[in-house]
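Colleague: Take this structure, written in structure tokens, and hold onto it; I'll ask about it next.
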Amino acid sequence: MEFFQPLEVFLSRNETLKSLEILGCNITYHTMMAFLMMALSKRRCQLENIKLEDVTNEGLSEMASWFRWFDARNQAISKRMSFRGIYLLDEDCSNLAAVIENYDIQFEEIDLHGNSFIGPNGWRLILSALARQRYTLQRLNASLCRLNDAHMGILTEIFSANPNVMPDELNLSMNEINLEGIQLLGSLLVKRNPPVKELDLSGNDAKLDGWRVFINSFVSNPTKTPLDLHLRDCGIRGELYRDLARLVQLPTCSLEKLFLKGNARLNSGRMNQIVDSLKFNATLGEMSLPGVVTVGGWNRLLSLICDETDICTTYSSNHSLLHFHSPTVPREIIPCLEMNKIQDKKAVATLKVILCHFARNFNVRLFEVMELPVLVEVMEFVNRGFAMRDVRKEYLAAVERDHRDRNNNCLAIHFMMVKNIPVLLHNKVAGVKKPVREGWK
């Protein structure tokens, strides 16, 4: 116990302690709990986060006395508990479930990463105890727990009957979930539409049929809840990329993040399918793709987020993609992704039009073929664009990146138009009636 004396003095004098981590210590669970009760009994602490990782475990039966001690003193019990690397057994899960039920713990997060010895019955005990509480679990980390289809049967059964225990963030990565388990999970997600906002299935090889059923379950029954989906190192290949493209291009797609790193490399055809599907997507803001993106792939992506063919195609480009994870992102794409971070998407579209067709490369021929009423409308569009605070701020930043003059603003753009198209100064311009065009309102 001499090791604990300096730490005991610190805890006894600290009233604001909210987080405590005990990692990799070769001490018994009973000794650790005794120390905590001795140190914290001298002051009122409200621990919200307790991490117990790689601590020698003699069973969780001693845990009841610890929570009884907190309960007698009306002190807050941790909302987040981590049991990483303790290797709980089913009998330990029984003790933990009893503590949860007897002391009405307001668990928000449970981290069981690496507990590969918990059987289906142990998971049933823990989740059933949580389900009987009136509190909603926010995060459950069950990664590297050797979960298989039998475990998934228990999890989906309890999640389906008790929506309150279905967490907002569910980490099931690096397990052994196969065809049957992934089918059960997919049916649960689209059938009851639970509030799952982040789902990590990385490292599970559910084979071609399993992933196809899982992806197509979202295609057939789209959910309204925004979802971050992690599918790294899942053996996705071939036709599965086509199924993912079908999901992404749906107007009802709710994916906000999609991570595919570590799967089979995309050929040019599959890359084009994925990129083209984003043309119709207004929700996906962050994604990663496997392998190295080719030059053709980057050009395709650039034309997606900022198509410079004409003003209308630039205005209707993808303005939702914010982050694209890759070891090397071309310099031309980064400013477009930065512009997409503006929340007002109308301002993003306006900024791209001004930068691409007015400030950087003023193509006279593009405007010479326009009818005069349309030209007047275009000039007013530029005026309205510079009236937007976000557009003007990002415009000045962009021209500074391009080493251009800060004075290259709205007036300079109008001057270039009048200089190259003198007919704009004709006295009939004042009497031109403004046309009504979709997209310029």
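The values are calculated or read from the model by the stated rules, or taken from the named source; none is laboratory data. In this text, all values refer to a predicted model and were calculated from it rather than measured experimentally. Counting neighbours? That spans all protein chains shown, and the Cβs are built from the backbone with ideal geometry, glycine included. Protein only, heavy atoms only, side chains kept; ligands, DNA and RNA dropped before computing areas. Shrake-Rupley method; radii C 1.70, N 1.55, O 1.52, S 1.80 Å.
Colleague: List every residue pair whose Cβ atoms sit under 9 Å apart, with the two residues 6 or more apart in sequence or on different chains, where the first one lies in the stretch 98-110 and is on the phi < 0 side of the Ramachandran plot and the second, anywhere, is assigned to a strand (DSSP E or B) and at pLDDT 75 or above.
Modeller: GLU108/ARG139; GLU109/ARG139; GLU109/LEU140; GLU109/ASN141; GLU109/GLU169; ILE110/ARG139; ILE110/LEU140; ILE110/ASN141
Colleague: Now for a separate question. Report every pair of residues separated by at least 6 positions or lying on different chains whose Cβ atoms are under 7 Å apart, first residue within the stretch 334-356 and under 12 Å from ASN318 (Cα atoms) and of a type outside the set (Ser, Thr, Tyr), second crowded, with 20+ Cβ neighbours inside 10 Å and modelled with pLDDT under 85.
Modeller: What qualifies is MET339/LEU351; MET339/GLU394.
Colleague: Among the residues of the stretch 176-194, which ones are open to solvent by 10 Å² or more (accessible area, probe 1.4 Å) and either among the aromatic types (Phe, Trp, Tyr) or assigned to a loop (DSSP other than H, G, I, E, B) (or both)?
Modeller: GLU176, ASN178, ARG192, ASN193, PRO194
Colleague: Those residues that are part of a loop (DSSP other than H, G, I, E, B) and either under 20 Å from ASN121 (Cβ atoms) or at pLDDT below 55 (or both), I need them from the stretch 63-102; list them, please. Explain how you work it out, then say what you get.
Modeller: Just the residues of the stretch 63-102 that are part of a loop (DSSP other than H, G, I, E, B), to begin with: 73-79, 83-89.
Listed by number, the residues that qualify are ARG73, ASN74, GLN75, ALA76, ILE77, PHE83, ILE86, TYR87, LEU88, LEU89.
Colleague: Tell me, which residue of the stretch 236-266 that is open to solvent by 30 Å² or more (accessible area, probe 1.4 Å) and of a type in the set (Gly, Ala, Ser) is modelled with the lowest pLDDT?
Modeller: GLY238
Colleague: Further, regarding this structure: Could you list, in sequence order, the residues of the stretch 306-341 that are under 18 Å from LYS352 (Cβ atoms), touching a Ser or Thr at 6+ places or on another chain (Cβ under 6 Å) and not charged (D, E, K, R)?
Modeller: CYS306
Colleague: Among the residues that make up the stretch 302-322, is at least one of them without any contact (Cβ under 8 Å) to a residue 40 or more places away in the chain, in contact with a strand residue (DSSP E or B) (Cβ under 8 Å, 6 or more places away or on another chain) and not in a loop (DSSP other than H, G, I, E, B)?
Modeller: No - not one qualifying residue is present in the stretch 302-322.
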